[in-house]
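K.L.:
Quick one: the structure is below, questions incoming.
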Amino acid sequence: LIEKDIANFFTNIKEIPTAILCFSDFYAICLYKYLKKHNINIPYDICVLSIGGLLGGGFCEPSLSTLDFDCNRIGRQAVQTIFELKTKSVSSLGFIEVPYYLNIRDSVRKLLEKKAKL
């Protein structure tokens, strides 16, 4: 199903985009397979960035750049927040900030090389 959606996307565009942001690592890996099958080179034809931080992203070829929201930390924070709301009998603890990490790897190398030339 995902491969079909990716194929439909590429069928309905006039030219290959310079970059794609995937909302999950799983979709990024499916995109990698499609691009490889159609001889579209990452990162020189298209750059790929994913949201998720898959541990295996560094082992993709080329390695997958990811925006990692640290889902484990968010989960722990959510449970802690619920516990605090319950035990303190308050309705809000205010804004909670959880940092994210940008893992820059080879899938965006073209963008990095272009930036370095500027």
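The values are calculated or read from the model by the stated rules, or taken from the named source; none is laboratory data. Remember, predicted model here, so these are calculated numbers, not experimental data. When we count neighbours, we look across all protein chains shown, and the Cβ atoms used for this are built from the backbone with ideal geometry, even at glycine. Calculation scope for accessible area: heavy atoms of the full protein, side chains included, ligands and nucleic acids excluded. Shrake-Rupley method; radii C 1.70, N 1.55, O 1.52, S 1.80 Å.
K.L.:
So, of the residues in segment 1-60 that are among the small types (Gly, Ala, Ser) and either touching a residue at least 60 places away in the same chain (Cβ under 8 Å) or assigned to a helix (DSSP H, G or I) (or both), which turns out to be surrounded by the most Cβ atoms within 10 Å (Cβ to Cβ)?
P.N.:
Across segment 1-60, the extreme among qualifying residues is ALA28.
K.L.:
Any chance you could count how many residues in segment 61-79 are of a type in the set (A, V, I, L, M, F, W, C) and part of a strand (DSSP E or B)?
P.N.:
Residues flagged as of a type in the set (A, V, I, L, M, F, W, C) and part of a strand (DSSP E or B) within segment 61-79 amount to 1.
K.L.:
In segment 8-32, how many are of a type in the set (D, E, K, R) and under 16 Å from the mean Cα position of the chain (by Cα)?
P.N.:
1
K.L.:
With the condition kept exactly as written, say whether any residue in segment 63-72 is closer than 25 Å to GLU113 by Cβ, free of Cβ contacts under 8 Å to residues at least 12 places away in the same chain and of a type in the set (A, V, I, L, M).
P.N.:
The answer is no; no qualifying residue exists.
K.L.:
Residue by residue through segment 80-118, note down the ones that are open to solvent by less than 100 Å² (accessible area, probe 1.4 Å), farther than 30 Å from ALA19 by Cα and in a helix (DSSP H, G or I).
P.N.:
Residues satisfying the conditions are GLN80, THR81, GLU84, LEU85, THR87.
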